[in-house]
Amino acid sequence: MSEVMMISQSLLWLAVIVLTVLVLALARQVGVLHERIAPAGALAINSVLKVGEKAPHIIEQSLDGARVEIGLEKQRSTLVFFLSPDCPICKTLLPALKSALQAESGWLDCILASDGSSPEIHKSYIAQYGLGPWPYVVSENLGKKFGVSKLPYAALVDEAGVVRSLGMVNSREHLESLFIAKETGVASIQDFMAKRNQEG
Amino acid sequence: MMVFDPFISLYVRTAFALLFILAAMHKLRNVSEFADIVKGYNIVPLWAVAGVGIILPLFEAFVAAMLLLFPVVGIAAASALLTAYGLVIAFNIARGNTQIDCGCSWGRAKTAFPALTWALVLRNILLVIVLAISLVPTTARAFGLMDAATLGLVLCFTFFAGKAGFTLVAVYNRMREVGHV
């Protein structure tokens, strides 16, 4: 009898383990599916600034002392990228940001914006991740004027000083969607869906 | 008085020992990454960050060994460590330093826990309560082959159930981040 119980008990545990592995596989699959259907564009959550509006005119000083001006008419577009040394997603996105900036260097300048922390922390962050080529501004005002609530966040300001796209960026695709938004004139995936629904 | 079968204490202690040893191994494999996480918590002075980054995982390994060899010492040390982690998280939430890597996702999904939340503190409290279960007095009996087999199978189940739970939380957090839930 006890042998039968032992076998039955072990088989039941095995069945429970198999079921748990299946639950794990399903949970992962849900995650994978969600990644695929999630909005491919940068999520535009902003109550301060809207696409098509004039960017706020801001004059700041970068960490190396240079004057940085946003919101004026210029020859080139400007990407204002909001990041922070203590934002883990920003770190994972930096290689993508740097390569995208190199690829788009023909028409695009970049300003890195952060706030808080001591200048030493920002300086070691710049050195660690090779952010030297771009002006790095530490200013709470900049983030407030652009209505940044979550990091990493980016806003694309065109030659005329008009905001062409903006949103939270979590991946290279989100970042590129900002450039595509400028090219196509569709501000965000939400904007695209709204327009499509109206047409439909 | 409440008395449990000694198997329950054995299972709880072994499960926590495995948890701590796996956590310690992961931290020791990525020492610089863990030092970054310690720095993020902004409690330890900068000069001590690297040292703490090595001492903590070594202490976790020590706790794992104690849980198996000297139950009472191990349970006390494990509870102290979990409570300390909980307090450090609570302190950072209280002062608003929430946008940091919690160091609790074993590096696999840094985006899974984008910020410190009270849920992490609650999790640690629950873990300490579960640990306390193994302090309940037990009846005396010898372990046999059946116990060994059951222990192996239950630990296997616990591992996969834990992973599944972790994955579900990570997926939920990602969905919430983009406004899907």
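Okay, here's what the table says:
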| read-out | value |
| --- | --- |
| Residue within the stretch B:66-74 that is in contact with a Lys or Arg (Cβ under 9 Å, 6 or more places away or on another chain) and either among the aromatic types (Phe, Trp, Tyr) or in a loop (DSSP other than H, G, I, E, B) (or both) present | no |
| Leading residue by the ranking (farthest from the other protein chains (Cβ to nearest Cβ)) among those in the stretch B:99-121 that are in a loop (DSSP other than H, G, I, E, B) and modelled with pLDDT of 85 or more | B:Thr117 |
| Residue pairs meeting the criteria (Cβ under 6 Å; at least 6 apart or on separate chains; first closer than 22 Å to B:Ala170 by Cα and at the interface with chain B (Cβ under 7 Å from one of its Cβ atoms), in the stretch A:11-35; second among the hydroxyl-bearing types (Ser, Thr, Tyr) and surrounded by 12 or more Cβ atoms within 10 Å (Cβ to Cβ)) | A:Ala27/B:Thr167; A:Arg28/B:Thr167 |
| The stretch A:69-83, residues that are touching a residue at least 24 places away in the same chain (Cβ under 8 Å) and not in a loop (DSSP other than H, G, I, E, B) | A:Ile70, A:Ser77, A:Thr78, A:Leu79, A:Val80, A:Phe81, A:Phe82 |
| Selection from the stretch A:98-124 of residues that are in contact with a Leu (Cβ under 9 Å, 6 or more places away or on another chain) and β-branched (Val, Ile, Thr) | A:Ile111 |
| Which listed residue is acidic (Asp, Glu), outside any loop (DSSP other than H, G, I, E, B) and surrounded by fewer than 17 Cβ atoms within 10 Å (Cβ to Cβ), from B:Glu33, B:Glu60 | B:Glu33 |
| Of the criteria (1) over 23 Å from B:Glu33 (Cα atoms); (2) of a type outside the set (Lys, Arg); (3) in contact with a Cys (Cβ under 9 Å, 6 or more places away or on another chain), which one A:Leu83 fails | (1) |
| Test: residue in the stretch A:168-182 that is in contact with a strand residue (DSSP E or B) (Cβ under 9 Å, 6 or more places away or on another chain), assigned to a strand (DSSP E or B) and modelled with pLDDT under 85 | yes |
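The values are calculated or read from the model by the stated rules, or taken from the named source; none is laboratory data. In this text the structure is predicted, and so the values were computed from the model without any measurement. Positions of Cβ are backbone-derived with ideal geometry, glycine not excepted, and every protein chain shown enters the neighbour counts.
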